[in-house]
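Okay, structure first, notes after.
Derivation of every value follows stated rules applied to the coordinates shown; laboratory data play no part. As the structure is a computational prediction, the values presented were derived from the model and not from experiment. Neighbour counts run over all protein chains shown; Cβ positions are idealised from the backbone, glycine included.
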């Protein structure tokens, strides 16, 4: 690693951010009433949207406007993009042209990433329920109370306090593999039958669960706001191990190389032994630099964003030593998506100050994202809705499929940008 990278990384601790200073009921089948909202607002025809080149601001293939900020990641299947919005709807839009297929209204904001399994789509809402709807029509099949109810006025405005509860902006997202696995505001981790919504087992943690579980080799790995990572038996929910990592965990763990990679609001990234939970290494950013992005692995390098220091960081996956980083001037709650030699990640900006908010495309050259290879292109997203705390940009995690990157903005739009011919 270069002397320049070493010097910059050693100064991370100086670059701080103020933000860092019920019993379940049986499944029911009623459908909430939907309300009309705008459909697609194309900004360019599919044939007119060029592939971005280095340094050129991209032109969206299309943009779909919702009635609320989009915080959660999207999911795509069979030519349809599924995503939630703070207007309370789950949307299904055509991946090619952005036209609305259907929407389902809940009684709370929808920030969890939908999961598609077979003919159904699963997602959670702040109204307390986990939903299963038909992928083709949006017709509700069942919904089950998982104790996730949080009135909109209880969502504290981001940026008004240094209290971590003022940054409770995520929802756990479902993972489906025969059963559905998801965390909840009530501190429980749930396993439900995918066909009926019946709760098969629960596991109680010491605080709310906003992280999304990771399933690998019959084990579920998930973090909690009780500052711990857990490994649970997928069939029974029995705890296999628990490791204190020192900060609230909102990160979705990555399991690879017999290790569990995760991060926390302690401002560190850790690698834990997948069998025992024993810590193998830890990269510490310094005080007051939350890490809420989730890790991605490519060619032996762990790439991850962070909020407090406004960096996208690359770490050696075996040792945790810093390999490369890019200072973006944005707060990265988003998880990177890496395709070929381009890393895509969302960044947010507070009150539209000097910080940048939008989607970044960073070019990897031999794994490096430092100068002069860093910013391949940048797509700004301005604040046009009353998103909590006057934040703008992209908090959601991008997904890439068939040469198009899809991502939601805090302006309430889902964007599609062509990345390849």
Quick one: check the C-alpha center-to-center distance for region 131-173 versus region 326-341, whole angstrom. 24 Å
Does a label point 7 Å from the Cα of residue 162, set along Cα-to-beta-carbon, have any residues of region 291-328 with amide nitrogen under 15 Å, and which are they? 308
Reduced to Cα centres, the span from region 233-271 to region 183-225 in Å works out to 13 Å
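How would you order 84-91, 103-110, 116-123 from highest to lowest mean count of nearby Cβ atoms within 10 Å?
84-91, 103-110, 116-123
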Ranked by how many other beta carbons lie within 10 Å on average, peptides 148-154, 272-278, 205-211, 182-188 from highest: 182-188, 205-211, 272-278, 148-154
Could you please rank 189, 327, placing first whichever residue has the fewest other Cβ atoms within 10 Å of its Cβ? 327, 189
Determine the gain in length on full extension of the stretch residue 97-residue 153; use 0.36 nm per residue of separation and subtract their C-alpha separation, reporting nm with one decimal. 16.7 nm
Assertion target for 235, 315, 240, ordered by fewest C-beta neighbours within 10 angstrom first, is 235, 240, 315
